[in-house]
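Step one of this worksheet: look at the structure below.
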Amino acid sequence: MTVRVEDSAARWPQAGTAIVEWTPRARLTVERAWLSPEELTRGQRLVPPLGEQWLAARCWVRARLALRLGCDPADVPLLADERGRLFLDGCVGPGDFNVSHTQHVLALAVSGSRVGVDVEEAPPAGEDLVALAQVVGTAEEVDQLRHLPVTERSAAFQRWWVRKEAVLKADGDGFLSDPRLVHVGVTQVEAPEPWTVLDHGPLRHPDAEVTSPHTLLATAHDCGAGPVRTVVRAVPEPHTRTTAGAGGRQPR
């Protein structure tokens with residue numbers, strides 16, 4: 001099946017626009033009929049309960065992309081490249097998407113141009129953040145973090161790291177690239193060319209009963225495509241049985 005992003009203009013963001021949807025992972029369910037044999041095999045290889053959690057997350061991503069493409073979740077042509085980055089096989093058009101998650105939150109960014117998204121929870125209490133930054137930060141970033149008061153380092157580290165990983169994921173290499181060579185700045189945003197980084201702050205779910213750690217969201221966009229307007233919204237009821245097929249078909 002060939003899905004054309006350009007045929008879904010009413011549902012897929014156009015150039016200059018990105019939409020980030022996120023949901024608590026605790027409510028996600030697994031629909032095995034939506035998943036490919038490769039996805040099912042990967043889920044089965046993970047230690048419980050990580051396998052079911054991974055499969056549930058993949059089902060949600062398929063369901064949200066299906067809404068954009070006008071097909072059933074099982075028909076979303078979802079593949080991973082040699083670097084592990086997801087893409088839509090055979091799709092025509094400049095659209096892009098990216099996925100990120102923490103233990104509690106799952107996020108999907110869909111854009112009219114290249115995009116990277118990351119969500120991060122606060123680092124563990126008592127962690128030596130300067131030592132950790134030396135493993136993943138540029139010399140300047142480590143120096144910026146070291147000169148902050150100890151009471152400010154945790155919040156600064158979280159803001160810095162969510163920006164850096166968004167850039168790494170937009171680039172496509174992720175941790176196949178040495179993060180110590182990618183400078184985004186700790187105390188201020190200094191994104192490398194060709195990326196623009198947007199801080200979206202903490203996520204807040206409209207359902208007061210849903211609680212999760214303080215989670216930050218950031219996106220990175222190709223600045224060569226011009227300014228990007230980004231909309232962030234929670235999916236209040238992430239029930240993956242909702243299907244988006246143009247004909248309203250049920251999952252096969």
- Can we say residue 158 is over 21 Å from residue 204 (Cβ atoms) and at pLDDT 95 or above? no
- Across the range 1-35, which residue is nearest to residue 204 (Cα to Cα) among those that are among the charged types (D, E, K, R) and either in contact with a Leu (Cβ under 6 Å, 6 or more places away or on another chain) or at pLDDT below 95 (or both)? 21
- Task: Among the candidates 63, 57, single out the residue that is open to solvent by less than 20 Å² (accessible area, probe 1.4 Å), among the small types (Gly, Ala, Ser) and touching a Leu at 6+ places or on another chain (Cβ under 7 Å).
- Result: 57
- Query: Across the range 211-226, which residue is modelled with the lowest pLDDT among those that are in contact with a His (Cβ under 9 Å, 6 or more places away or on another chain) and surrounded by 11 or more Cβ atoms within 10 Å (Cβ to Cβ)?
  - Reply: 212
- Determine, yes or no, whether residue 184 is hydrophobic (A, V, I, L, M, F, W, C), over 19 Å from residue 108 (Cα atoms), in contact with a strand residue (DSSP E or B) (Cβ under 9 Å, 6 or more places away or on another chain) and modelled with pLDDT of 95 or more. yes
- Return only the number of the condition from (1) charged (D, E, K, R); (2) touching a residue at least 24 places away in the same chain (Cβ under 8 Å); (3) open to solvent by 60 Å² or more (accessible area, probe 1.4 Å) that residue 68 does not satisfy. (3)
- Query: Counting only residues that are surrounded by 13 or more Cβ atoms within 10 Å (Cβ to Cβ) and free of Cβ contacts under 8 Å to residues at least 12 places away in the same chain, how many does the range 28-46 have?
  - Reply: 1
- Query: Looking at the range 73-106, which of its residues are crowded, with 21+ Cβ neighbours inside 10 Å and among the hydroxyl-bearing types (Ser, Thr, Tyr)?
  - Reply: 100
- Matching residues in the range 126-149 - criterion: being in a loop (DSSP other than H, G, I, E, B) and either open to solvent by less than 20 Å² (accessible area, probe 1.4 Å) or on the phi < 0 side of the Ramachandran plot (or both): 127, 128, 137, 138, 147, 148, 149
- Message: Condition first: open to solvent by 40 Å² or more (accessible area, probe 1.4 Å) and under 15 Å from residue 155 (Cα atoms). Now tell me which residues in the range 177-206 satisfy that.
- Response: 187, 188, 189, 199, 200, 202
- Any idea which of (1) over 15 Å from the mean Cα position of the chain (by Cα); (2) touching a residue at least 24 places away in the same chain (Cβ under 8 Å); (3) surrounded by fewer than 16 Cβ atoms within 10 Å (Cβ to Cβ) is the one residue 153 doesn't satisfy? (3)
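The values are calculated or read from the model by the stated rules, or taken from the named source; none is laboratory data. Bear in mind the structure is a predicted one, so any value in this text is a computation, not a measurement. Ideal geometry is used to build each Cβ from the backbone, glycine not excepted, and the neighbour counts take in all protein chains shown. Side chains included, ligands, DNA and RNA excluded: accessible areas come from the protein's heavy atoms. Shrake-Rupley method; radii C 1.70, N 1.55, O 1.52, S 1.80 Å.
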